[in-house]
1. Give Val107, Val74 a once-over and let me know the one that is out of contact with any Ser or Thr (no Cβ under 8 Å at 6 or more places or on another chain) and either of a type in the set (A, V, I, L, M) or surrounded by 14 or more Cβ atoms within 10 Å (Cβ to Cβ) (or both).
2. Restricted to segment 83-112, and to residues that are of a type in the set (S, T, N, Q) and within 22 Å of Ala191 (Cα to Cα), which residue is farthest from the chain's Cα centre (by Cα)?
3. Closer than 17 Å to Ile72 by Cα and not in a loop (DSSP other than H, G, I, E, B): does that describe Thr178?
4. Please tell me if Leu133 is buried (at least 19 other Cβ atoms within 10 Å of the Cβ), closer than 18 Å to Leu7 by Cβ and either within 14 Å of the chain's Cα centre (by Cα) or not polar (S, T, N, Q) (or both).
5. When the residues of segment 97-123 are filtered to those that are of a type in the set (Val, Ile, Thr) and touching a Leu at 6+ places or on another chain (Cβ under 9 Å), which remaining residue is farthest from Leu7 (Cα to Cα)?
6. Can you say whether Glu122 is out of contact with any Cys (no Cβ under 8 Å at 6 or more places or on another chain), part of a helix (DSSP H, G or I) and either at pLDDT below 95 or acidic (Asp, Glu) (or both), as far as the supplied structure shows?
7. List every residue pair whose Cβ atoms sit under 8 Å apart, with the two residues 6 or more apart in sequence or on different chains, where the first one lies in segment 29-57 and is of a type in the set (Phe, Trp, Tyr) and the second, anywhere, is in a loop (DSSP other than H, G, I, E, B).
8. Give the residues of segment 141-165 that are of a type in the set (A, V, I, L, M) and buried (at least 21 other Cβ atoms within 10 Å of the Cβ), sorted by residue number.
Amino acid sequence: MPKILVLYYSSYGHIETMANAIAEGARETGATVDVKRVPETAPIEVAQAAHFKLDQAAPVATIAELKDYDAIIVGTGTRFGRLSSQMAAFWDTAGGVWARGELNGKVGAAFTSSASQHGGQETTLFSIITNLLHFGMTIVGLDYGFAGQTRNDEVVGGAPYGATTIANGDGSRQPSETELEGARYLGRRVASTAAKLFG
């Protein structure tokens with residue numbers, strides 16, 4: 001069975017919750033899954049003043065271990081329509097991985113959150129996907145086999161490009177069950193795709 005990394009950055013815990021749901025879905029297929037986060041680049045006093053969630057259980061990932069995975073699912077909150085600086089900084093140090101082609105042909109996917117329904121989720125997903133394509137990865141999206149993303153009886157995240165959630169401007173909204181099921185679905189799809197490629 002494939003080995004999968006769910007790699008995330010989460011300031012306030014919304015993406016952390018989505019990452020764990022994605023891992024849960026992937027594990028349902030029998031895949032081995034690690035959940036890790038990228039290093040925080042904000043000074044500690046800034047992070048504390050902004051009430052960042054600094055007690056996250058996931059260990060911090062290293063660039064050197066990326067090659068050990070068959071699939072990497074990358075998540076971060078949107079920052080003005082693109083990936084966060086923390087996630088960008090992590091990938092910006094992975095030039096050696098790119099030069100050696102260590103991720104060529106591996107499976108990649110994306111997830112994100114935003115404050116509002118139209119807060120740049122799709123462009124953020126594309127900013128993640130663009131990075132993964134440059135590293136040679138095969139992209140899996142959140143296909144319409146997950147019909148929850150088409151519902152309009154409630155506020156709901158999700159896009160064909162990846163799993164998403166909506167946090168509200170003050171962070172008060174947590175991922176809904178529909179959004180968490182979308183995350184689990186994405187985890188299952190990535191794991192099953194990786195199993196077909198590397199099984």
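The values are calculated or read from the model by the stated rules, or taken from the named source; none is laboratory data. Computed from a prediction, not measured in an experiment: that's the story for all the values here. Ideal geometry is used to build each Cβ from the backbone, glycine not excepted, and the neighbour counts take in all protein chains shown.
1. Result: Val74 is the single residue among Val107, Val74 that is out of contact with any Ser or Thr (no Cβ under 8 Å at 6 or more places or on another chain) and either of a type in the set (A, V, I, L, M) or surrounded by 14 or more Cβ atoms within 10 Å (Cβ to Cβ) (or both).
2. Only one residue tops the list, namely Asn104.
3. No: the conditions fail for Thr178.
4. So Leu133 fails the test.
5. Val97
6. So Glu122 passes the test.
7. So the pair list comes out as Phe52/Ser11; Phe52/Tyr12; Phe52/Glu40; Phe52/Ala42.
8. Leu142, Ala163
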